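*Asks:* Dumping the structure here so I can ask a few things about it.
The values are calculated or read from the model by the stated rules, or taken from the named source; none is laboratory data. Given the structure is predicted, the values throughout are model-derived calculations rather than measurements. With ideal geometry, Cβ positions are generated from the backbone for all residues, glycine too; neighbour counts draw on all protein chains shown.
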Amino acid sequence: MTTLDWVVLFATLTVIVGYGLYRSRGSDTVDRFLLAGKTMPWYAMALSIMATQASAVTFISTTGQAYVDGMRFVQFYFGLPIAMVILCATVVPVFHRAKVFTAYEYLEQRFDTKTRALASIIFLCQRGLSAGLTLYAPAIVLSVILGWPERATIFLMGVTVITYTTLGGVKAVTWSDVQQMCIIFIGLIIALVTLIHLLPASISFPDALYLAGAAGRLNAVTTNFNWDDQFTLWSGLIGGTFLFLSYFGCDQSQVQRYLTGKSIAQSRLSLIFNAVAKIPMQFFILFIGAMVFIFHLFVTPPILYEKAALDRIETVAAYQPVADSYARAFEQRRKAALSLIDAHHAHDAATERTEVEAYRQAQRGIEDARRQASRLVETTTGEQKFSDTNYIFLSFVTKYLPAGLVGLIIAVIFAATMSASAGEINSLATVTMVDLYRRYFHRLGSDHHYLMASRWATIFWGAYAVIFAGWGRKLGSLIVAVNVVGSLFYGSLLGVFALAFFFRRVGGTAAFFGMLAGEAAIFWAFFFTKISFLWYNVLGCAVVIATALVITRIQPGERRDVSTPNMLSESQ
Amino acid sequence: MADPREVHDEPPPFLGTWRRVYWAVVIYLAVIIAACYGFTRALE
């Protein structure tokens, strides 16, 4: 990084944090600290929701995903608009009217204390685990690409997040998120424009699209049905809907964003904005990855993007033949790409078909060589399932983007990490204080006492995330499973909220045992089947509901008619 | 005495009712999926 990059990076981060703290003045009561006194406008909540969901992995990994596998990942988000509509019509007005700080507080109003406690603990386990990974994942990539010390990077990001989250509460988190999303949008647009500008003069933008499509990098929709395939139209629409219902409806890290709204309408608008904007945003990020692929048709990419892994295998005898075959395949692919474009421009269908096949054959040669190099890493280091997907985009950024822009993209990675991490720490602290400390340990404290408890809880969870991230290297493959972790817990949370909203006869005991049965079913699917993780939410939710209904049928229990208004009347 | 933080529902700033907004989102999703499908088929 040049001096200009460092200036851009630090100036950007200082402005983001400074502005967030400036806007959070007056967060001196529990209500203001945890819910911003319910004063937030829809656009701030909308960008905060988006920023909390988009961690650094979204930008680092999604671009790499498009590079190696095309744009199929966009289908993962097809269920999001459906989930948002359902939540706007059901959950948002109920939570607002129940005047709760957390989603789980509502479960006590509707069911009983044990159901609320179990849901809170499930949330703390799941979100606490991912809080460390949110900090660790970008730190490891930055350390490999830029040589930054891993723990120092984690510490810098963690302490910054803890500082503004502890001082300014949810207001600081939300307004910082707004700035962070603006920086992310600006950085990504500039990156794509620069990328297209870096393509050879003989390759126009339509040519680039044509070559990316011919290599299968623009395959946004897959209509075949396969239980094991993570990204198809059907898994996205059905599994994705359940996943996003769980994430936005039952996960306090998201619920807390829209509970800060001035009104039900403002909260609904923030979710509707995400329903509309999220798919195009993901499409755009994936498209950047596809364009990096096109750039590397003409500029030789390294055989492996993780330099440390490449350094380790370069001394192995078996490496040289693999490197030679990679170099030959690259040259064949470059020539085939140029010949294909010529045939395409000449509208010569027969030649075009032949050239497409030659181009794809050369691409298979590249993929074979990369696979062999990955296997060499696995045999040399003992690492299982080696993948360098997360290093592709930042490797391109640091090598080929101009000074200043590198600093901006690194700022994007920092911003994404801090926004996701701040939302997590803020929500973990809220659940700890409201659902556990205030409920079970200190029921009659003053507002100031609970404000200080919230701040201490924020520091605790921030420190926990930093320490957990510091041990991240020992966690290894858990990084890959970051999305799976959420799905191990979301299904049962979604099930219990579905019971609360739609099954009025079900009481607390049935809901409680339903949740336990749902968790058991999800863990069974995780350990003993190959079902894609997107289906865990469907399974868990169904088992919770079925078990609770059976228990209610056998032993009709208590029921509480609290805040379960007619949902349809809310949607007028 | 009324709760100063009484929660009021309001109509959306566009399309008149929330029901219409929800239908607009569903139609938008259908258009997006169709566009992605067309994009895939046109460029594969």
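*Asks:* Given A:S270, A:S246, A:S253, which one is closer than 19 Å to A:L534 by Cβ, of a type in the set (S, T, Y) and away from chain B (no Cβ under 11 Å)?
*Replies:* A:S246
*Asks:* Something else now. Of everything in the stretch A:75-112, what is of a type in the set (F, W, Y) and more than 9 Å from every other protein chain (Cβ to nearest Cβ)? Give them in sequence order.
*Replies:* Within the stretch A:75-112, A:F76, A:Y77, A:F95, A:F101, A:Y104, A:Y106, A:F111 meet the criteria.
*Asks:* Within the stretch A:236-256, can you find the residues that are farther than 19 Å from A:F489 by Cβ and either hydroxyl-bearing (S, T, Y) or under 16 Å from the mean Cα position of the chain (by Cα) (or both)?
*Replies:* Of everything in the stretch A:236-256, just one residue is farther than 19 Å from A:F489 by Cβ and either hydroxyl-bearing (S, T, Y) or under 16 Å from the mean Cα position of the chain (by Cα) (or both), namely A:G236.
*Asks:* State which residue pairs qualify: first residue on the phi > 0 side of the Ramachandran plot and inside the stretch A:391-408, second residue part of a helix (DSSP H, G or I) and surrounded by fewer than 16 Cβ atoms within 10 Å (Cβ to Cβ) in any location, beta carbons under 9 Å apart, and separation of 6 or more residues or different chains.
*Replies:* A:G404/A:L4; A:G404/A:V7
*Asks:* When A:A403 is evaluated against the numbered criteria (1) crowded, with 24+ Cβ neighbours inside 10 Å; (2) among the aliphatic types (A, V, I, L, M); (3) not in a helix (DSSP H, G or I), which criterion, by number, is the only one it fails?
*Replies:* Here A:A403 meets the rest and fails (1).
For every residue, the table says whether it meets (1) more than 33 Å from the chain's Cα centre (by Cα); (2) buried (at least 17 other Cβ atoms within 10 Å of the Cβ); (3) in a helix (DSSP H, G or I); (4) at pLDDT below 80.
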{"residue": "A:G491", "(1), (2), (3), (4)": "no, yes, yes, no"}
{"residue": "A:A511", "(1), (2), (3), (4)": "no, yes, yes, no"}
{"residue": "A:W524", "(1), (2), (3), (4)": "no, no, yes, no"}
{"residue": "A:C541", "(1), (2), (3), (4)": "no, yes, yes, no"}
{"residue": "A:V544", "(1), (2), (3), (4)": "no, yes, yes, no"}
{"residue": "A:E558", "(1), (2), (3), (4)": "yes, no, no, yes"}
{"residue": "A:V562", "(1), (2), (3), (4)": "yes, no, no, yes"}
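*Asks:* Suppose we filter A:T3, A:T62, A:T29 for residues that are within 14 Å of chain B (Cβ to nearest Cβ) and either surrounded by 21 or more Cβ atoms within 10 Å (Cβ to Cβ) or of a type in the set (S, T, Y) (or both); which single one remains?
*Replies:* Answer to the check: A:T29.
*Asks:* Got a sec? Which of A:V406, A:V412 is under 19 Å from A:F295 (Cβ atoms), modelled with pLDDT under 85 and in the same structural domain as A:I140 (by TED's automatic domain parsing)?
*Replies:* Answer to the selection: A:V412.
*Asks:* Further question: Among the candidates A:I285, A:I272, single out the residue that is in contact (Cβ under 8 Å) with a residue 24 or more places away in the chain, β-branched (V, I, T) and either within 30 Å of A:D207 (Cβ to Cβ) or outside the structural domain of A:F205 (by TED's automatic domain parsing) (or both).
*Replies:* None of the others qualify; the one that does is A:I285.
*Asks:* Which of the residues belonging to the stretch A:1-58 are more than 22 Å from the chain's Cα centre (by Cα) and of a type in the set (F, W, Y)?
*Replies:* A:W6, A:F10, A:Y19, A:Y22, A:F33 - these are the residues of the stretch A:1-58 that are more than 22 Å from the chain's Cα centre (by Cα) and of a type in the set (F, W, Y).
*Asks:* Among all residue pairs at least 6 apart or on different chains, which show Cβ distances below 8 Å where the first residue, located in the stretch B:11-28, is facing another protein chain (nearest Cβ under 9 Å) and the second is assigned to a helix (DSSP H, G or I) and modelled with pLDDT under 90?
*Replies:* Going by the 8 Å Cβ cut-off, the qualifying pairs are B:W18/A:E570.
*Asks:* If a residue has to be of a type in the set (F, W, Y) and either surrounded by fewer than 17 Cβ atoms within 10 Å (Cβ to Cβ) or not in a helix (DSSP H, G or I) (or both) to count, how many in the stretch A:382-398 make the cut?
*Replies:* Total meeting the criteria: 1.
*Asks:* Then there's this: Looking only at residues that are out of contact with any Ser or Thr (no Cβ under 6 Å at 6 or more places or on another chain), hydroxyl-bearing (S, T, Y) and facing chain B (nearest Cβ under 10 Å) in the stretch A:208-243, which one is nearest to A:G64 (Cα to Cα)?
*Replies:* The qualifying residue nearest to A:G64 (Cα to Cα) is A:Y210.
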